[in-house]
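A short write-up of the structure that comes next.
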C-alpha cells in the first residue's frame, strides 16, 4: 500500500535509466472533513515508525488503485462533473470504470488505514471481493456521489516509484461505521486525529501533503458544501520544473 507520503519519498530515490521510463501507477487519497464544530477539522494519521520511508510523518489515508476496485457495487456513482474531471489526462486508457476504481480505492484505503467505512447501510451488500469483506459484513455499500475530486499530483520522472495520485474530499457524515480499534487493519497509520487546518499544517508532514491541505482549505472557503463543478488543481513536473495547474 502507498501512503500519500510516497509522493515525497519518491523524490529522494536515485534516478536510473530504467526508472526514467517508469510509468506512474494510479493511486488515490481521501481527505475527510469534520464540520460538526466551530472549526473545520481534517483527519490525519502518523505513519508507523517501522516504515523505512517517512517514518513518523503525518498523512491522510491513501494508496495504490487496484483494477478490481472498479467493479465494486455502490449505492450511487460519481457525479458527472467529477467523472468528467477524472477522465481528463487519462491518456490512452480513459474509462468510467477507471474513474470508479480511483474513487473506490480511496474509500478502501481509508478503511484499511483508518478503520472508517464510507458509504450507506443497505439491506444486503454483495461485493464479492476479499478486500471489501468488512463492508459486506456490515451491509455497507460505498456512495461515490458523496466524494469530490479536487486535486492531482504526479511523482516526477526518474524515480524508482512513481504515482499518479488523485485526491478526493468528503465530510465525516459520509462515514457509515468504524472499527473499535481506532485504526485500520493494515495498522499503517497510528495516532489518528481530527485537527483544525492550521494545526494540521504544523505537524511533521511531507511537502505535497502540505500543498494538498492548503488546496482543500481554499476550496472549502469558496465551496463550503462541496457542490460539484469546482476546478481541479494538478501538480506535475513539466519542462524541468514542478508546476501547479488548474483545470
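What number of residues in the stretch 114-131 are over 13 Å from residue 75 (Cα atoms), outside any strand (DSSP E or B) and either modelled with pLDDT of 95 or more or touching a strand residue (DSSP E or B) at 6+ places or on another chain (Cβ under 9 Å) (or both)?
Filtering the stretch 114-131 for residues over 13 Å from residue 75 (Cα atoms) gives 114-117, 128-131.
If we keep only those that are outside any strand (DSSP E or B) as well, we get 114-115, 128-131.
Filter once more, keeping what is either modelled with pLDDT of 95 or more or touching a strand residue (DSSP E or B) at 6+ places or on another chain (Cβ under 9 Å) (or both): 114-115.
Of the residues in that region, 2 qualify.
Of the residues making up the stretch 75-94, those that are in contact with a helix residue (DSSP H, G or I) (Cβ under 7 Å, 6 or more places away or on another chain), surrounded by 15 or more Cβ atoms within 10 Å (Cβ to Cβ) and assigned to a loop (DSSP other than H, G, I, E, B) number 3. The residue of the stretch 139-168 that is surrounded by the fewest Cβ atoms within 10 Å (Cβ to Cβ), among those that are modelled with pLDDT of 95 or more and in a loop (DSSP other than H, G, I, E, B), is 139.
State whether one or more residues within the stretch 116-128 are under 15 Å from residue 185 (Cα atoms) and either touching a helix residue (DSSP H, G or I) at 6+ places or on another chain (Cβ under 7 Å) or surrounded by 15 or more Cβ atoms within 10 Å (Cβ to Cβ) (or both).
So in the stretch 116-128, the residues under 15 Å from residue 185 (Cα atoms) come out as 116-117.
Checking which are either touching a helix residue (DSSP H, G or I) at 6+ places or on another chain (Cβ under 7 Å) or surrounded by 15 or more Cβ atoms within 10 Å (Cβ to Cβ) (or both) leaves us with 116-117.
The answer is yes; a qualifying residue exists.
For the stretch 169-181, the condition of being within 15 Å of residue 75 (Cβ to Cβ) and modelled with pLDDT under 90 holds for none of the residues. Against the conditions (1) modelled with pLDDT of 95 or more; (2) surrounded by 18 or more Cβ atoms within 10 Å (Cβ to Cβ), residue 199 satisfies every one except (2). When residue 173 is tested against (1) under 28 Å from residue 247 (Cβ atoms); (2) not in a loop (DSSP other than H, G, I, E, B), just one condition goes unmet, and that condition is (1).
Every residue, every condition in (1) in contact (Cβ under 8 Å) with a residue 40 or more places away in the chain; (2) under 16 Å from the mean Cα position of the chain (by Cα), yes or no:
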site: 140; (1), (2): no, no
site: 143; (1), (2): yes, yes
site: 151; (1), (2): yes, yes
site: 155; (1), (2): yes, yes
site: 161; (1), (2): yes, no
site: 166; (1), (2): yes, yes
site: 171; (1), (2): yes, yes
site: 208; (1), (2): yes, yes
site: 227; (1), (2): no, no
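When the residues of the stretch 187-196 are filtered to those that are closer than 16 Å to residue 62 by Cβ and more than 16 Å from the chain's Cα centre (by Cα), which remaining residue is surrounded by the most Cβ atoms within 10 Å (Cβ to Cβ)? Of everything passing the filter in the stretch 187-196, 190 is surrounded by the most Cβ atoms within 10 Å (Cβ to Cβ).
Checking each residue in the stretch 48-67 for being more than 15 Å from residue 183 (Cα to Cα), assigned to a loop (DSSP other than H, G, I, E, B), modelled with pLDDT of 65 or more and within 18 Å of the chain's Cα centre (by Cα) picks out 57, 65, 66.
The values are calculated or read from the model by the stated rules, or taken from the named source; none is laboratory data. In this text the structure is predicted, and so the values were computed from the model without any measurement. Please note: Cβ atoms are built from the backbone with ideal geometry, for glycine as well, and neighbour counts cover all protein chains shown.
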